[in-house]
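Everything below concerns the one structure shown next.
None of the figures in this text is laboratory data; all of them are computed from the coordinates on show. Predicted model only: the values in this text are computed from it and were never measured. Heads up, the Cβs are rebuilt from the backbone with ideal geometry, glycines too, and the neighbour counts pull from every protein chain shown.
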Amino acid sequence: MSEKSLLLDCEELGTAQRQILEEVLLEAVDADMPLTLELLFVSEEEIRALNARERNVDSVTDVLSFPAADLVAGEPIVSGEHGDCIEPAYEDEGEVFPARMYLGSVVICEKRAREQAEEYGHSYEREVCYLIVHGFLHCLGYDHMEEEERRVMRAKEEEIMEKLHLGRQE
């Protein structure tokens, strides 16, 4: 069995911030192979176009998630059940990279995140981390359409944000 790991594929995050997020998010998932989550930061125009095309909602939003697999919230991820989401192992400049399961993409509107941070009275870093956590959980099968689902997802978000030392300020 491969070592458990999570790679956040994102150039906009600093190395230290990315490593902390990877470590804390990895604690929230039980998987039998390394994982990858793509993070993209886009403009208002780009997220509006994505929202319109993918959800038939013609408006700017803060975050969109595009899960690669139909996972069940809280259930272990078994790679053998999601073969079409497996990125094969490869070698680059002598370094070997293991096969990884692609969880999906999380798309964040940077401007909307800045506006929300100001609106809620917390840092931009906290807002971006919250949006990443929220999108990550959607890629793991969590949702908030029904009240019970919303309660479970919000509790998981709060748990992860506390581990990041970015919990709500009372």
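Which angle between 0 and 90 degrees, to the nearest 10, do you get for helix 44-55 versus the longest principal axis of the chain when only C-alpha atoms count? Computed tilt is about 70 degrees.
Taking other C-beta atoms within 10 Å as the exposure proxy, Ser43, Ser79 rank Ser43, Ser79 from fewest upward. Sum up the charges of everything whose Cβ sits under 12 Å from the Cβ of Ala69, counting Lys and Arg as +1 and Asp and Glu as -1, but leave Ala69 out. It works out to a net charge of -4. In this calculation the C-beta distance from Thr61 to Gln19 is compared with R0 = 30 Å, giving a FRET efficiency of 0.60. Straight-line cross-link partners of Lys4 among the lysines, defined as a Cα under 17 Å from its Cα and at least 8 positions apart when in the same chain, are absent. Counted by Cβ distance under 14 Å from Glu54, the other residues give a net charge of +1, where Lys and Arg count +1 and Asp and Glu count -1.
Farthest toward the positive end of the dipole of the chain, out of Ile86, Tyr102, Met153, is the Cα of Met153, where the dipole comes from beta carbon charges about the Cα centre.
Compared with the dominant Cα axis of the chain, that is its longest principal axis, helix 147-163 is turned about 80°. Farthest towards the positive end of the charge dipole of the chain, among the residues Tyr130, Gln17, Leu6, is the Cα of Tyr130, using unit charges on the Cβ of Lys, Arg, Asp and Glu. Between Val78 and Arg114, full extension at 0.36 nm per residue minus the direct alpha carbon distance yields a gain of 9.3 nm.
Remark: region 6-163 carries a charge dipole of roughly 360 debye about the Cα centre, counting +1 on each Lys and Arg Cβ and -1 on each Asp and Glu Cβ.
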